[in-house]
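The values are calculated or read from the model by the stated rules, or taken from the named source; none is laboratory data. Just so we're clear, the structure is a prediction, and the values are computed from it rather than from any experiment. When we count neighbours, we look across all protein chains shown, and the Cβ atoms used for this are built from the backbone with ideal geometry, even at glycine. Keep in mind that these areas ignore ligands, DNA and RNA; they rest on the heavy atoms of the full protein, side chains included. Shrake-Rupley method; radii C 1.70, N 1.55, O 1.52, S 1.80 Å.
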Amino acid sequence: MTIRAAQAKKDIYVEKGWCRTLPEAKAMRKAIKDNKVVMQLGHNYNSMPTLIKAREIFRSGELGKVPLVRTYIDRTRATPEWQFYTMYDIYQPPPDANQQTIDWERFIMNAEPKGPFDVEQFFTWRRWWKYGTGIAGDLMSHLWDAVNGVAGMGIPESMVTQGDLYFWKDGRDVPDMWHVLMDYPRKELAVTFNCTFHNRHQGEVAQFLGRDATLEMAPDFCRVYGAEWKPENERRAREARRAGKSVGPDYELKPDEVAVTSHWQDFIDCIRTRETPRCGVDRAFEEAATIVMSVEAYRQNRRVRWDAVKEQVV
């Protein structure tokens, strides 16, 4: 759809993950650039005050050297994750969903292997590899792109993935647990991602673990904690423990402290100005390559690497 829209000279707002394969990503990038259309990838973090402030703090140097960024996004509810039909509070497909109302052949156009008509797979397609990229494309893409929006580290140099189906054994073949180690040795940086579908105690957060301070970012907060190894912070921690309290952040984003337009408004503004949106085509390609690397590392059960010259996973 993205390629055809670009060829029709239409500006594009497309959801994440951008695509399933590297050939798709390269073809999409070419179509967008050749036709000079505006394209916004739907990573709303890029238009949240918390990310804008986190980027400012990170680039100020306040955190000191940051060798590690940890990201988490755990999900669960009473029903299985991805057991949804357009909305999370809808658990049954529409009563009129059938071969006359669903264009099944178009839906499975790029699926491998193709299969017979299946209402369940049509509405809960994320649970099968032949239609999507699982947790990597749905949830890891959010957190990884958010960190990329702050740190600008780009495609990982290498990656390892552990994933499996440990809890929701309901016919799906996509793992319900996904843990990833991304390495940037030339930047002396590692980024991790952890996700489970049976517990959400940890919730969603990106932690930038600097030598001099820790930055925590999520859709609802951006906060900074002083380095616990520093004597003044050790003293504060001891005093807080004696008082039965926890040590609060040194800084926390206040409401209305950062003014930013919505992700949708940014897209509309760029249609008018022809400027690059906050999550444009180059960022989208980086996201797509990172997703593909994660999936390939899982499937091949090995560390995979990114060949930046050939733009290939090796």
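Contact map, region 281-303: first residue more than 9 Å from residue 25 (Cβ to Cβ), second residue open to solvent by 20 Å² or more (accessible area, probe 1.4 Å) and part of a helix (DSSP H, G or I), Cβ cut-off under 6 Å, separation 6 or more or different chains; pairs are 281/29.
Quick check on residue 101: is it hydroxyl-bearing (Ser, Thr, Tyr) and surrounded by 13 or more Cβ atoms within 10 Å (Cβ to Cβ)?
Values: hydroxyl-bearing (Ser, Thr, Tyr): yes; surrounded by 13 or more Cβ atoms within 10 Å (Cβ to Cβ): no.
No, not satisfied.
Of the residues contained in region 177-188, one or more are found to be of a type in the set (A, V, I, L, M), more than 28 Å from residue 87 (Cβ to Cβ) and in contact with a Pro (Cβ under 6 Å, 6 or more places away or on another chain). Within this structure, residue 212 fails the test of being acidic (Asp, Glu), within 25 Å of residue 153 (Cα to Cα) and touching a Ser or Thr at 6+ places or on another chain (Cβ under 8 Å). Taking the criterion of being open to solvent by less than 20 Å² (accessible area, probe 1.4 Å), hydroxyl-bearing (Ser, Thr, Tyr) and out of contact with any Ser or Thr (no Cβ under 8 Å at 6 or more places or on another chain), the only residue of region 151-171 that qualifies is 158.
Provide a single number: the residues in region 179-222 that are in a strand (DSSP E or B) and either open to solvent by 50 Å² or more (accessible area, probe 1.4 Å) or touching an Asp or Glu at 6+ places or on another chain (Cβ under 9 Å) (or both). Before the answer, list the steps.
Within region 179-222, the first condition is being in a strand (DSSP E or B), and the residues that meet it are 179-184, 189-196, 204-209, 213-218, 221-222.
Subsequent filtering for residues that are either open to solvent by 50 Å² or more (accessible area, probe 1.4 Å) or touching an Asp or Glu at 6+ places or on another chain (Cβ under 9 Å) (or both) retains 181-184, 189-191, 194-196, 204-208, 213-215, 218, 221-222.
Qualifying residue count for the region: 21.
Each row is one residue, and each column tells you yes or no for (1) part of a helix (DSSP H, G or I); (2) exposed (fewer than 15 other Cβ atoms within 10 Å of the Cβ); (3) modelled with pLDDT of 95 or more.
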residue	(1), (2), (3)
76	no, no, no
83	no, no, no
90	no, yes, no
115	no, yes, no
137	yes, no, yes
146	yes, no, yes
149	yes, no, yes
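Each residue in region 151-171 was checked for being at pLDDT below 95 and out of contact with any Pro (no Cβ under 8 Å at 6 or more places or on another chain), and 2 of them qualify. Within region 265-305, the set of residues being of a type outside the set (D, E, K, R) and open to solvent by 40 Å² or more (accessible area, probe 1.4 Å) comprises 265, 268, 271, 273, 276, 298, 300, 301.
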